[in-house]
Amino acid sequence: MSFKKTLLAIVVSAVAATACTKQNADTVVSDVNTFQTKPAEKEVQDKIKTALSKQIGNGSIVIDEINTTPSPDLYELIVKVNGDKNMVYATKDGNYIVAGSLLSSKEDKNLSAERMMQIQSQEQGFDSLPLDVAIKKVYGKGTHKIVVFSDPDCPFCKKLEHDFAKNADKLDMTVYTLMLPIEELHPGALQHARQILCSEDPNKAWYDWILDNNQPIDKQETCEKANSILEKSGEAAMKFQVQGTPTIVFENGFSQAGAESVIQIQETANKVAEQMKLNKK
C-alpha cells in the first residue's frame, strides 16, 4: 500500500480512536482542563510539511495545522481529508506518523479525545448556541460571555452556582444556562427542568431551585415552551460534544467539563477574550 493510502487509512482510523464517549456526570472532577496547544515553530512546521508533501502531494489530504503537544517528541497534525478535520501525530522530522490516542499516564486521561472535543466545539461557534432560550445572569458589567450546560439535580452544577453567588462581586461576565437534565443519572431532573421552564419567571425559578431547593409556586408538570427549549438545548449539547454536566462553553467555542472555581472560569474567559482580539488583528 502506498504512503498516501496508508496515511489516509491512519487518519480515518484515528477519528474512531479519539471519539468522545458520554461520561457519568457525577464522575466529573473540578480540575478537568484540556491541555493547551500552540503552533509549532516555523522550522519544525517546514520540516514536517516538506517530509510529508513528497509522499501525499496535492489532493484529498491537506495538512491544516501543526501544533505542539505535551510531549516534546510529538507534534499534533490537524489534517483535512476531503474537507473533514482529523488528527494524527508526527515526529519532529516528519519521518514517522503516529495514529491513535495520546494518553497521559500522569493525569490519567485521553488527551486526544479532549483535543478533538475542543476542535469540534470551536468549529460550531459560540453564536450557534440558543442563547435566546437560556437562563441569563449578569455579573458585574457582563463583559464576557459563557454558556453553562447544567442539570437541575446535578450536585456539581449546584456547587458551581453556589460558587457564582459567593463570588458575584468579583466577576465580570454574562452566564447563559442551558438546562440538560440527564434523567438516567438523576431521576426526576427532567420533571424539575420542565417545572422551572414552565414557570412564569424561569430565571427566578432556576435560582430558587439550584441555590435553595425551592420549587416554583406556579409549577406545571410540562408545557410546550419547556419541551421546545429542552429540545434546543439537547441539540446544542450534541453539537458541542457535551458529555456531562456542568460543561462550560467560552466565546471562542472552547468547551470545558467540570465545576472548577468561578475565579478560574473568569480568568479563562479573560484570556479567551484577549486571544480573540489578537486573532482579529
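Of the residues in the range 151-179, how many are out of contact with any Leu (no Cβ under 6 Å at 6 or more places or on another chain) and assigned to a strand (DSSP E or B)?
Within the range 151-179, residues that are out of contact with any Leu (no Cβ under 6 Å at 6 or more places or on another chain) and assigned to a strand (DSSP E or B) number 6.
Tell me which residues, restricted to the range 180-217, are under 14 Å from residue 230 (Cβ atoms) and of a type in the set (Asp, Glu).
Matches in the range 180-217: 183 only.
Filter the range 222-236 down to residues that are of a type outside the set (Asp, Glu) and surrounded by fewer than 19 Cβ atoms within 10 Å (Cβ to Cβ) and give me whichever is nearest to the chain's Cα centre (by Cα).
My answer is 234.
For the range 212-220, does any single residue satisfy the condition of being of a type outside the set (Lys, Arg), buried (at least 21 other Cβ atoms within 10 Å of the Cβ) and under 22 Å from residue 262 (Cα atoms)?
no
Which residue pairs have Cβ atoms under 6 Å apart, sit 6 or more places apart or on different chains, and have a first residue in the range 250-279 that is within 23 Å of residue 169 (Cβ to Cβ) and in contact (Cβ under 8 Å) with a residue 12 or more places away in the chain and a second that is part of a helix (DSSP H, G or I) and of a type in the set (D, E, K, R)?
What qualifies is 259/159; 262/163.
Output the residue which, of all residues in the range 243-254 that are within 22 Å of residue 273 (Cα to Cα) and in contact with a strand residue (DSSP E or B) (Cβ under 7 Å, 6 or more places away or on another chain), is surrounded by the fewest Cβ atoms within 10 Å (Cβ to Cβ).
Among those that are within 22 Å of residue 273 (Cα to Cα) and in contact with a strand residue (DSSP E or B) (Cβ under 7 Å, 6 or more places away or on another chain), it is 251.
Which ones in the range 206-252 are of a type in the set (D, E, K, R), over 29 Å from residue 264 (Cβ atoms) and modelled with pLDDT under 85?
The answer is 218, 219, 221.
The values are calculated or read from the model by the stated rules, or taken from the named source; none is laboratory data. Keep in mind the model is a prediction, meaning the values are calculated, not measured. Please note: Cβ atoms are built from the backbone with ideal geometry, for glycine as well, and neighbour counts cover all protein chains shown.
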